[in-house]
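All remarks here apply to the structure that follows.
Derivation of every value follows stated rules applied to the coordinates shown; laboratory data play no part. Given the structure is predicted, the values throughout are model-derived calculations rather than measurements. Cβ atoms come from the backbone with ideal geometry, glycine included; neighbour counts cover every protein chain shown.
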Amino acid sequence: MAEAVKGAGELIALLTAMAAAARAPRPALESSGDEMVAAIQRNFDAGGRPAWTPLSPNTRRGGRLLNRSGRLRGSFAPHVRGRSVSADSDTAYGPRQHFGYRAKRGKTGRGHSPTPARPFAELQDEDLVEVVAPIGRHVVRL
């Protein structure tokens, strides 16, 4: 792609090839999904980006926040659907940890304590460059 295009015929061929690559984005989307998962794992490694609310002093468990077993961190996988990609987790408790939970009035005991939001499935600005790069490379790698 760094070479100069010579003539209208070469330009048309180049644009045609780029259009064909854009119509078949699956390989690029798979690479972007891998980058999304890597960014989410960086969130776990850093204890949140920005930092998550620390555990309550009443919490009996020790260890790294949201990393006790590693199950949630390791549950993310990229999923390509048509022309879109996402990084999904199959854990039932993931949404509660990500978005937080307000205890319902009158409910007490295990599973009913308030949980602060600790957003782990978020891409930071610096992650976006890595997530989008495979798409650009896919279209212009001729």
>> Taking amide H atoms as placed 1.01 Å from N in the peptide plane, list the residues 5 or more away in sequence, or in a different chain, whose amide H sits under 5 Å from that of Y101.
In response: T115, A117
> What ranking do 34-43, 91-100, 131-140, 10-19 get when scored by the average of other Cβ atoms within 10 Å per residue, highest first?
Replying inline: 34-43, 131-140, 91-100, 10-19
> Which cross-chain or sequence-distant (5 or more) residues have an amide H under 5 Å from the amide H of D88, H modelled 1.01 Å from N in plane?
Replying inline: A77, H79
>> Using the Karplus curve 6.51 cos²θ - 1.76 cosθ + 1.60 with θ = phi - 60°, what ³J(HN,Hα) values do you get for each residue of segment 31-41, in whole Hz, with x for Gly and Pro?
In response: 5, 5, x, 4, 5, 4, 4, 4, 5, 5, 5
> For segment 83-99, in order, what is each residue's ³J(HN,Hα) by Karplus, 6.51 cos²θ - 1.76 cosθ + 1.60 with θ = phi - 60°, in whole Hz (x at glycine and Pro)?
Replying inline: 10, 9, 9, 9, 10, 10, 10, 9, 7, 6, 8, x, x, 4, 6, 6, 8
> What percent does the relative contact order of the chain come to when contacts are Cα pairs within less than 8 Å and at least six residues apart?
Replying inline: 36 percent
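Pairs of Cα atoms under 8 Å, at least six residues apart: use those to get the relative contact order of segment 39-87, whole percent. Don't skip to the answer; put the middle values down first.
Details: 24 pairs, mean separation 13.8, N = 49.
Relative contact order of segment 39-87: 28 percent.
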> If one computes P(r) from the Cα atoms of the chain, what percent of pairs lie at distances over 21 Å?
Replying inline: 56 percent
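Can you check what the net charge comes to around H98, using other residues whose Cβ is under 11 Å from the Cβ of H98 (Lys, Arg +1; Asp, Glu -1)?
+1
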> Which of S56, S75, L11 sits farthest toward the positive end of the charge dipole of the chain, with +1 on the Cβ of Lys and Arg and -1 on the Cβ of Asp and Glu?
Replying inline: S56
> Tell me, what HN-Hα J-couplings in whole Hz come from the Karplus equation 6.51 cos²θ - 1.76 cosθ + 1.60 at θ = phi - 60° for each residue of segment 127-133, using x for Gly and Pro?
Replying inline: 6, 4, 4, 5, 6, 7, 3
